[in-house]
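Enquirer: If you scroll down you'll find the structure; I have some questions about it.
The values are calculated or read from the model by the stated rules, or taken from the named source; none is laboratory data. As the structure is a prediction and not an experimental result, all values here were calculated from the model. FYI the Cβ positions are ideal-geometry reconstructions off the backbone, even for glycines, and counts take in every protein chain you see.
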Amino acid sequence: MTEHSIIAATAAPRTLDSLVRDLQRLGVKPGETLLVHCSMSKLGWVSGGAEAIVRALLGAVGETGTLVMPSQSSQLSDPARWQAPAVPQSWIETIRATLPAFDPLTTPTRDMGAVAELFRTFPGARRSLHPTCSFSALGLEAEAIIARQSLNEPFGDDGPLGHLYRSAARVLLLGADFDACTAFHMAEQKAWPSLPRIAEGSPIIADGQRRWVSFDIATGDAERFPGIGEELVRQGLVQTGLVGSAGCHLMSLPAVVDAAAKIMAGQQPPSE
């Protein structure tokens, strides 16, 4: 959507204060840990844009809460597997040799949206060190959340999602659809521990030097996530409501991961 069309579709400006009120009405509580996926355009026109949204989320969880967002950077994945778009075979080695190494301070997100991109740079925000599947966090639990993340299991128990699962964090889809729900990747691994692996690679800094590292990650299938999310709504595991103009979903991360894993276990697992 263009900004003009967003303005035309918004009855009154959304503000930091109005967003906080809407978040509180939805059920966001001070002191909680919240994993947020945001589609900014769905909220309507916001005075202050992405900054106002981040500040509203921080205001809703308060000084004793923690805000978390995915900060994935798929541009640092192996170009041999790129599809959107693919690159010529003759370019691959040049790209591998010249991609800037992952840096949690400077590497931008890709396809995460303006809110997640701004959030990773917010004062005090901390970012995990996975070159393609990192998370950013700000608040009391931030350091513990981002402390560890395996190259091979970025969505596993021993990483940010695992910490969020054990600490009973909640997920907020702020105008985002269920296909954006990263926590469902953890459910896939619980449902199908022997998923096919995908060969990957990324440039990182190790021992002070840029290095290309090879690793493998489990395949996934986000296309089934919307249907699973709809089933979880029917099961009563998801609170729904409006923040600004956006339809939103608020849910317990461990509860929906377990329920989604149970649904997936009755389905055909994805193949590479």
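Enquirer: Among Glu153, Glu200, which is closer than 14 Å to His130 by Cβ, over 17 Å from the mean Cα position of the chain (by Cα) and in contact (Cβ under 8 Å) with a residue 60 or more places away in the chain?
Expert: Being closer than 14 Å to His130 by Cβ, over 17 Å from the mean Cα position of the chain (by Cα) and in contact (Cβ under 8 Å) with a residue 60 or more places away in the chain holds for just one of Glu153, Glu200, which is Glu200.
Enquirer: Another one. Determine which single condition Val61 fails, assuming it passes every other condition in (1) surrounded by fewer than 21 Cβ atoms within 10 Å (Cβ to Cβ); (2) modelled with pLDDT of 95 or more.
Expert: Condition not satisfied by Val61: (1).
Enquirer: Which one of the conditions (1) farther than 24 Å from Gly124 by Cα; (2) part of a loop (DSSP other than H, G, I, E, B); (3) not β-branched (Val, Ile, Thr) does Pro30 fail to meet, given that it meets all the rest?
Expert: Only one criterion is unmet by Pro30, namely (1).
Enquirer: Run down Ala218, Ala246, Ala191 and say which single residue is touching a residue at least 40 places away in the same chain (Cβ under 8 Å) and either touching a Phe, Trp or Tyr at 6+ places or on another chain (Cβ under 9 Å) or closer than 18 Å to Gln149 by Cα (or both).
Expert: Selected residue: Ala218, the only one of Ala218, Ala246, Ala191 that is touching a residue at least 40 places away in the same chain (Cβ under 8 Å) and either touching a Phe, Trp or Tyr at 6+ places or on another chain (Cβ under 9 Å) or closer than 18 Å to Gln149 by Cα (or both).
Enquirer: I'd like to verify a number: residues in the stretch 22-37 that are surrounded by fewer than 22 Cβ atoms within 10 Å (Cβ to Cβ) and among the aliphatic types (A, V, I, L, M), how many?
Expert: Counting residues in the stretch 22-37 that are surrounded by fewer than 22 Cβ atoms within 10 Å (Cβ to Cβ) and among the aliphatic types (A, V, I, L, M) gives 1.
Enquirer: Check off (1) within 22 Å of the chain's Cα centre (by Cα); (2) modelled with pLDDT of 95 or more for Met1 and give me the number that stays unchecked.
Expert: Failing condition for Met1: (2).
Enquirer: Scan the stretch 129-139 for residues that are assigned to a loop (DSSP other than H, G, I, E, B) and surrounded by 20 or more Cβ atoms within 10 Å (Cβ to Cβ) and jot them down.
Expert: Answer for the stretch 129-139, where residues must be assigned to a loop (DSSP other than H, G, I, E, B) and surrounded by 20 or more Cβ atoms within 10 Å (Cβ to Cβ): His130, Pro131, Thr132, Cys133, Ser134.
Enquirer: Would you point out the residue of the stretch 46-90, among those that are in contact with a Pro (Cβ under 7 Å, 6 or more places away or on another chain) and free of Cβ contacts under 8 Å to residues at least 40 places away in the same chain, that is farthest from Arg211 (Cα to Cα)?
Expert: Ser47
Enquirer: I need the full set of residues from the stretch 166-184 which are out of contact with any strand residue (DSSP E or B) (no Cβ under 6 Å at 6 or more places or on another chain) and surrounded by 21 or more Cβ atoms within 10 Å (Cβ to Cβ), in order please.
Expert: Phe178, Cys181, Phe184
Enquirer: Out of Leu35, Leu57, I need the residue that is closer than 30 Å to Thr132 by Cβ, assigned to a helix (DSSP H, G or I) and in contact with a helix residue (DSSP H, G or I) (Cβ under 9 Å, 6 or more places away or on another chain). Which one?
Expert: Criteria check complete, one pass: Leu57.
Enquirer: Also, I was wondering about something else. Return the residue satisfying two criteria in turn: it lies in the stretch 38-49 and is outside any helix (DSSP H, G or I) and out of contact with any Lys or Arg (no Cβ under 6 Å at 6 or more places or on another chain), and of such residues it is surrounded by the fewest Cβ atoms within 10 Å (Cβ to Cβ).
Expert: By that ranking, first place goes to Ser47.
Enquirer: Could you say whether any residue in the stretch 148-161 is closer than 18 Å to Cys38 by Cβ and either surrounded by fewer than 18 Cβ atoms within 10 Å (Cβ to Cβ) or among the β-branched types (Val, Ile, Thr) (or both)?
Expert: The answer is no; no qualifying residue exists.
Enquirer: From the list Pro85, Pro100, exactly one residue is part of a loop (DSSP other than H, G, I, E, B) and farther than 21 Å from Arg127 by Cα. Which is it?
Expert: From the options Pro85, Pro100, the qualifying one is Pro85.
Enquirer: If you go through the stretch 10-33, how many residues are closer than 17 Å to Ile53 by Cβ and in contact (Cβ under 8 Å) with a residue 40 or more places away in the chain?
Expert: Of the residues in that region, 11 qualify.
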